[in-house]
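Visitor: Structure in structure tokens, see below.
Throughout, read-outs are computed from the coordinates displayed, never taken from laboratory work. Fair warning: this is a prediction, and the values are worked out from it, not measured in the lab. So basically every Cβ, Gly included, is an ideal-geometry build from the backbone, and we count neighbours across all protein chains shown.
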């Protein structure tokens, strides 16, 4: 029974992981799948403690992805409008990138969107080449955040599948 559940969950986890790459809520799907698996197996394969830890770790990944661009550019003290532009740029860029080149396009699109929106907004506010520095840091922060979120998701999936396949 564990093998069948594990294989089904592995397929659903893989789909969720791919959804994460294209900017869809893949980590949220992983959370839901983990909670459902734990609940329907009466917490025998995946304990309540493990479920709570998985949820918290994946939520931390979501939070890190969201704030990483902001943390990257914090050194230059950008305006609140730049923070808003950075957030919007990530969303719009990710959507455009996904429509042009699925999977990798969302990551590249989000990074480019963050750079452009941050640069344009900050160039109206800051003198000289500060806008360029802020935009580069925001873009790098975005890429780091996406990478961390993806790595966390992979780690959680490997751990959960290990619990299923190697449960005693």
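Visitor: Please build a GNM for the chain, connecting alpha carbons under 10 Å apart, and tell me which residue among 135, 38, 111 fluctuates the most.
Guide: 38
Visitor: Counting each DSSP H run of 4 or more residues in the chain as -39500 (n - 2.57), what helix-only mean residue ellipticity at 222 nm follows after dividing by all residues, to the nearest 500 deg cm²/dmol?
Guide: Taken over the chain, the calculation gives -29500 deg cm²/dmol.
Visitor: Specify the angular offset, from 0 to 90 degrees and rounded to the nearest 10, of the alpha carbon long axis of helix 2-21 from the longest principal axis of the alpha carbons in the chain.
Guide: Its long axis makes an angle of about 10 degrees.
Visitor: Please check which bits of the range 10-36 a label hung off residue 47 would reach, taking the label as a point 7 Å along Cα-to-C-beta and the cut-off as backbone N under 15 Å.
Guide: Counting backbone N atoms under 15 Å from the label point, the list is empty.
Visitor: Specify the residue with the greatest mean-square fluctuation among 70, 115, 39, computed from a Gaussian network of the chain linking alpha-carbon atoms under 10 Å apart.
Guide: 39
Visitor: Rounded to the nearest 10 degrees, what's the angle between the helix 130-165 long axis and the longest principal axis of the chain, both from Cα atoms, 0 to 90?
Guide: 0
Visitor: In whole percent, what relative contact order does the range 102-168 give with Cα contacts below 8 Å and a gap of six or more residues?
Guide: 30
Visitor: I've got another one for you. Subtracting the Cα-Cα distance from 0.36 nm times the residue separation, let me have the gained length for residue 77 to residue 3 in nm, one decimal.
Guide: Net length gain for the segment: 21.4 nm.
Visitor: Which of the three applies to the range 17-108, rounded, prolate or oblate, going by the alpha-carbon gyration tensor with a ≥ b ≥ c and a/c under 1.5 meaning rounded?
Guide: The shape class here is oblate.
Visitor: How high is the relative contact order of the chain? Use alpha-carbon pairs under 8 Å, at least six apart in sequence, and give a whole percent.
Guide: The normalised contact order for the chain reaches 30 percent.
Visitor: With springs only between Cα atoms under 10 Å, which of 26, 128, 141 fluctuates most in a Gaussian network model of the chain?
Guide: Its mean-square fluctuation being the largest, the pick is 128.
Visitor: So how tilted is helix 26-40 from the main axis of the chain? Cα-based, degrees 0 to 90, rounded to 10.
Guide: Value to nearest ten degrees: 20.
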